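Nothing in this text is a laboratory measurement; each read-out follows from the coordinates by a stated rule. Since this is a predicted model, take the numbers as computed values, not measurements. Positions of Cβ are generated from backbone atoms using ideal geometry, with glycine treated the same way; all protein chains shown enter the neighbour counts.
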Amino acid sequence: MATKKTNPTKIDIGISEKDRAKIAEGLSGFLADSYTLYLMTHNFHWNVTGPMFTSLHAMFMTQYTEQWAALDEIAERIRALGYPAPGTYAQFAKLATVKEVAGVPKALDMVAHLVAAHEATARTGRNIFPLVDKANDQPTADLLTRRLEIHEKTAWMLRSLLEE
């Protein structure tokens, strides 16, 4: 009995190619926002000054370290779906809803920029869920759920620094 030949590079994970493409496109925007947020946080870590220097410097380092690990996870999910992950500044600038901050803001302005960037990144991630749910893509749903929890919690903690 002859065995059926299979294409070892064909992806057959139970998600159609069309749905994988749409999810990868959404995740690419999420990766772009996440990378822009990472870079903003790291920049602010380097450049924060003022009476809150020590606490903000340490907080920003904790945040950018966590964000750095997440970038790899998002990019690898895009690859697992069968698509290349964006990886250049030009691609990120084109895809991101989070925009770079010009100059060096004051410490509390940095915090406000980070709140807005975390919230924007959460919105981008949340917008992918209808595609993910329709495609029955639990690994991407899990990734997004974990990331949204972190972005929303971080935004809340940063926002609390802005209250008087």
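For the pair TRP68/SER16, report the inter-label distance in nm, with labels modelled 7 Å from Cα in the Cβ direction.
The answer from the label model is 4.1 nm.
Against the longest alpha carbon principal axis of the chain, how many degrees, from 0 to 90 and to the nearest 10, is the axis of helix 107-135 turned?
20
Under a crude label model (7 Å from the Cα following the beta-carbon direction), how far is LEU161 from GLU149 in nanometres?
It is 2.4 nm.
Going by average Cβ density within 10 Å per residue, which order do the peptides 27-37, 102-112 take, highest to lowest?
With the highest mean Cβ count within 10 Å placed first, the list reads 27-37, 102-112.
So for the pair ALA102, LYS134, with labels modelled 7 Å out along Cα→Cβ, what separation do we get in nm?
3.9
Rounding to the nearest 10 and keeping the result within 0 to 90°, find how far the Cα-based axis of helix 138-161 lies from the longest principal axis of the chain.
10
Name the most mobile residue of LYS153, LYS99, LYS18, meaning the one with the largest mean-square fluctuation, in a Gaussian network model of the chain with Cα contacts below 10 Å.
So, out of LYS153, LYS99, LYS18, the one fluctuating most is LYS18.
Using alpha carbon centroids, what distance separates region 140-164 and region 91-121, in Å?
Cα centroid of region 140-164 versus Cα centroid of region 91-121: 15 Å apart.
Quick one: length gained pulling THR54 to ARG126 fully straight, 0.36 nm per residue minus the C-alpha distance?
22.6 nm
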